Amino acid sequence: MKISVIGTGYVGLVAGACLADMGNNVICVDSNTEKIDQLKNGIIPIYEPGLEELIKANSRENRLIFSDDIHYAVQNSDICFIAVGTPQGEDGSADLQYVLEAAKSIAKSMNGYKIIVNKSTVPVGTAEKVKELISQNTNYPFDVVSNPEFLKQGNAVDDFLRPDRVIIGSDSEKATRIMQDIYSPFFRTGNRIIVMDIKSAEMTKYAANSFLATKISFMNEIANLCEKVGADAEMVRVGISTDNRIGNKFLFPGLGYGGSCFPKDIKALIKTGHDFACDMNIIKSADAVNNKQRQIFIDKIYSKFGANLNGKTFAIWGLAYKPKTNDMREAPSITVINALLSSGAKVQTYDSKAIESAKFYFDDKIIYSSTAYDALKDADALLILTEWNEFRRPDFDKIKTLMNSHIVFDGRNLYDADRLKESGFEVYQIGR
Ligand code: NAD
């Protein structure tokens, strides 16, 4: 099939590469010409395991090409995926300007029947807006389909190639059939393509993200109480997660959720609730707990060192909002580092993939180390902010020789606190 993907970010680039890998001819378009130039030269602007290999293999076969010319892309494809950003607007709602701009450009470039597939996360009613805008700008026939994306950054290629399910919101039999055709190669065993009406598809994405975010906030709230009453949140986590009605995912106490999706999607759903006079109390609380969680961690540092951190040096392991990505959007590290800097501290950081992203936020205000151990030199405390695997079993004897004092604020509960204490470390964790 001939497919165009508008927006080559974390979603569009992965979707484009995976769709090409199934034998489709895919044109990935972005208005950011620098990004497109990089991609044309084999430079992958984001880190995502397996993505570079997939892009290179499919580019070699000419099944995957990159362009900044949306007109060319639309004219040479039958199905146009929209995968542009939907950032948080000033009032918390999803800002649809990029989606609508992409839709208008598609409409103006049409040369026959097209299926316009919305992959971006958008509030209920957006497909209707897109339909209206397209019909104002073209006389060619078209269908609009909602196909929200559920991939997880850090595992995006695998999630796209082997999805738990694909949601298709459609009111056209023809478009539904073609969408089923596109996705059937991804389901060699069992068919988990779920077809529904467009509004339900749009809502499914927000419901899924809000539920997962709520699970994280729920566990963090329990963890905070565990700490007060002397219980161990890790034991409680294991205790509850063995109940298969609860499950074992998204129950790790920590610094709360970040990233480009949960924070904005939760706020957008609260705003939709507000617009329809439907109070979203649980989701509002999940959001409030999440915001508080970072401050609770920062307060642990202040309780130990005082609010004036002049002359203190902090080593930070992990900048990305989660492991296996270079993405720092809404990362807890941003809040924590800003608090440290505004209290006068020196900050030495290490992250194997997110250093370039961090420079966008902190420029020369912090030190970027090329190894985890380099970041520890003369540090008064080590802060674990992202649970990258490489931090799980470090050489603690070596750590001791590098640091000024042996204090660890383990924001991801990575370590066995008792063992660390036996080796002479002072350890602060979440919920224990
Ligand atoms: P992103 O910011 O990484 O990428 C968006 C891209 O769209 C950018 O490269 C931007 O230059 C491009 N763009 C914007 N307007 C354009 C236009 N008119 N024409 C062409 N290109 C344009 O965003 P992302 O993380 O890939 O997210 C995209 C959407 O998918 C969002 O709605 C997001 O909520 C949703 N989503 C994201 C994830 C995730 O893990 N990142 C997962 C599921 C769904």
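Side notes on the structure shown:
- Scanning region 72-83 for residues that are under 18 Å from the mean Cα position of the chain (by Cα), closer than 19 Å to VAL130 by Cα and in contact (Cβ under 8 Å) with a residue 24 or more places away in the chain turns up at least one hit.
- From the list ILE46, ILE65, the lone residue that is of a type in the set (Val, Ile, Thr) and either away from the ligand (no atom under 11 Å from the Cβ) or at positive phi (or both) is ILE65.
- Yes/no for LYS267 being modelled with pLDDT of 95 or more and either within 25 Å of PHE409 (Cα to Cα) or of a type in the set (Phe, Trp, Tyr) (or both): no
- Taken over region 307-350, the criterion of being of a type in the set (Gly, Ala, Ser) and touching a Gly at 6+ places or on another chain (Cβ under 8 Å) is satisfied by GLY311, ALA331, SER333, GLY344.
- Selection count where residues are within 16 Å of the ligand (Cβ to nearest atom) and surrounded by fewer than 19 Cβ atoms within 10 Å (Cβ to Cβ), scope region 154-182: 8
- Pairs with Cβ under 7 Å, 6+ apart, first in region 321-344 and under 16 Å from LYS152 (Cβ atoms) and in contact (Cβ under 8 Å) with a residue 60 or more places away in the chain, second assigned to a loop (DSSP other than H, G, I, E, B) and of a type in the set (Phe, Trp, Tyr): PRO323/TRP388; THR325/TYR47; ASN326/TYR47; ASP327/TYR321; ARG329/TYR321; GLU330/TYR321; ALA331/TYR321
- Residue, surrounded by the fewest Cβ atoms within 10 Å (Cβ to Cβ), within region 44-64, restricted to residues that are of a type in the set (A, V, I, L, M) and part of a helix (DSSP H, G or I): ALA57
- Pair list, Cβ under 7 Å, 6 or more apart: region 260-272 residue at positive phi, other residue away from the ligand (no atom under 11 Å from the Cβ): none
- Some residue of region 65-72 being surrounded by 17 or more Cβ atoms within 10 Å (Cβ to Cβ) and polar (S, T, N, Q): yes
- For region 17-43, filtering for residues that are touching a residue at least 60 places away in the same chain (Cβ under 8 Å) and either within 14 Å of the ligand (Cβ to nearest atom) or part of a helix (DSSP H, G or I) (or both) leaves 4.
- Cβ-Cβ distances below 7 Å connect the following pairs, each with a first residue in region 179-198 that is free of Cβ contacts under 8 Å to residues at least 40 places away in the same chain, a second residue that is part of a helix (DSSP H, G or I) and crowded, with 17+ Cβ neighbours inside 10 Å, and a separation of six or more residues or different chains: ILE193/TYR183; VAL195/THR176.
- Identity of the residue in region 377-387, in contact with a Lys or Arg (Cβ under 8 Å, 6 or more places away or on another chain) and either modelled with pLDDT under 95 or not aliphatic (A, V, I, L, M) (or both), that ends up surrounded by the most Cβ atoms within 10 Å (Cβ to Cβ): THR386
- Members of region 78-104 that are part of a loop (DSSP other than H, G, I, E, B), of a type outside the set (A, V, I, L, M) and either under 16 Å from ILE36 (Cβ atoms) or near the ligand (Cβ under 9 Å from one of its atoms) (or both): GLY85, THR86, PRO87
- Search result, residues across region 204-214 that are surrounded by 21 or more Cβ atoms within 10 Å (Cβ to Cβ) and more than 30 Å from ILE298 (Cβ to Cβ): LYS205
- Among the conditions (1) more than 16 Å from the ligand (Cβ to nearest atom); (2) buried (at least 20 other Cβ atoms within 10 Å of the Cβ); (3) aliphatic (A, V, I, L, M), the only one that ALA277 does not satisfy is (2).
- Residue in region 215-230 that is of a type outside the set (D, E, K, R), closer than 23 Å to CYS18 by Cα and surrounded by fewer than 17 Cβ atoms within 10 Å (Cβ to Cβ) present: no
- Residue check for ARG412: basic (Lys, Arg), surrounded by 22 or more Cβ atoms within 10 Å (Cβ to Cβ), modelled with pLDDT of 95 or more and within 17 Å of GLY259 (Cα to Cα): yes
- Residue in region 195-207 that is out of contact with any Gly (no Cβ under 6 Å at 6 or more places or on another chain), on the phi > 0 side of the Ramachandran plot and of a type outside the set (S, T, N, Q) present: no
- In region 105-153, the residues that are touching a strand residue (DSSP E or B) at 6+ places or on another chain (Cβ under 9 Å), within 11 Å of the ligand (Cβ to nearest atom) and of a type in the set (Lys, Arg): LYS119
The values are calculated or read from the model by the stated rules, or taken from the named source; none is laboratory data. Bear in mind that the values here come from a model prediction, so they are computed numbers and not experimental data. Here Cβ is always computed from backbone atoms with ideal geometry, including for glycine, and neighbour counts include all displayed protein chains.
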